[in-house]
Structure formats: C-alpha cells, structure tokens
1. Using θ = phi - 60° and the Karplus relation 6.51 cos²θ - 1.76 cosθ + 1.60, list the HN-Hα couplings for the range 30-40 in order, rounded to whole Hz, with x at every Gly or Pro.
2. Tell me the angle of helix 3-27 to the major Cα principal axis of the chain, expressed in degrees between 0 and 90 and rounded to the nearest ten.
3. For Tyr7, Tyr51, what's the fewest-to-most ordering of other Cβ within 10 Å of each Cβ?
4. Assuming a strict under-21 Å limit between Cα atoms, what lysine pair count do you get for the chain once near-sequence pairs (fewer than 8 apart, same chain) are dropped?
5. Largest first and in whole Å, give the semi-axes of the range 1-84's equivalent ellipsoid, each being the square root of 5 times a Cα gyration tensor eigenvalue.
6. Sort Leu22, Leu102, Leu33 by Cβ crowding within 10 Å, fewest neighbours at the top.
7. Mean separation of Cα pairs under 8 Å and 6+ residues apart, divided by the residue count of the range 1-114: what relative contact order is that in percent?
8. Which whole-number percentage describes the relative contact order of the range 3-58, with Cα contacts under 8 Å and a sequence gap of 6 or more?
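Read-outs: derived from the displayed coordinates by stated rules, not from any lab. Predicted model only: the values in this text are computed from it and were never measured. A quick note on method: Cβ atoms are made from the backbone with ideal geometry, for glycine too, and the neighbour counts reach across all protein chains shown.
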Amino acid sequence: MPTWLRYLLFQIPGWLIAAIVLMVARHWEIISLAFALICFFVLMLKDWVVYPWLKTAYEMPAPTDSKALIGSRGVAESDVAPEGFVRVRGELWQAVATPFDLTIAAGSKVEIADADGMKIFVRPVDIDH
C-alpha cells in the first residue's frame, strides 16, 4: 500500500470526528454553516500540508532480519554438508543445505531459500538457467 494512502486512511477517523462535532455545533446553532465548513477544510488542508514531514512515520520498515535475505544469492565459503558458511552481501552466514542430504562444494553459487534466526537455508544455483 502506498505511503500516501496509508496516511490518508489514518486521517479519515479524525475527519469524521471533526465533522460530527462541527455538525452538532451547527445543529445547536453555536457556529454558522460557513464557519463549520471553513474549520473542516482547514483541518484537511493542515493534514495535506504536514504530510511531507510525517511521511517517514507512515512508511513500512524494511525487513532487517535474516528473512530479508530470502531470494538473494551468495557463495559457499566452505563445504555446506549439510552445514557450512556462505557469504551473502559481504556477510558470512551459517548455512544449511536444502535438501538436507545435499553437499554444496566451497566456491559454489547458492540461493537463499529460507531463513530462521541467524541460520540461512541454501540451495545450489543452477548455472544453466
């Protein structure tokens, strides 16, 4: 979902509450219709004006754990038989071969199939494809 839409959806309840309060105040003849409309549009304008400063608060955080590596490729630093070490994006990770009975030779290219905590599960990359 785009950030602007997430921001808009979070503003709607406030707008509804403001509209209800303004309608009640108008019904009791505390304020004029023109003043109620001006107040409502000023509230909406305020939300539009402050959006650039608040945008980052509504953005979805990027995954920072090992799950963010799924689909990435790396190189086996040691034999992964069934466990070993793989270098991915310049970092050394403890890896487990998938399937478990597979041996991946050191220097082979691998793809991260899954991750759990500080362990990644890798499969060899088919060079022909």
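1. 7, 10, 7, 4, 4, 5, 4, 5, 4, 4, 5
2. 20 degrees
3. Taking fewest neighbouring Cβ atoms as first place, the list is Tyr51, Tyr7.
4. Lysine pairs meeting the criterion: 4.
5. Listed largest to smallest, the semi-axes of the range 1-84 are 53, 12, 7 Å.
6. Leu33, Leu102, Leu22
7. 21 percent
8. 52 percent
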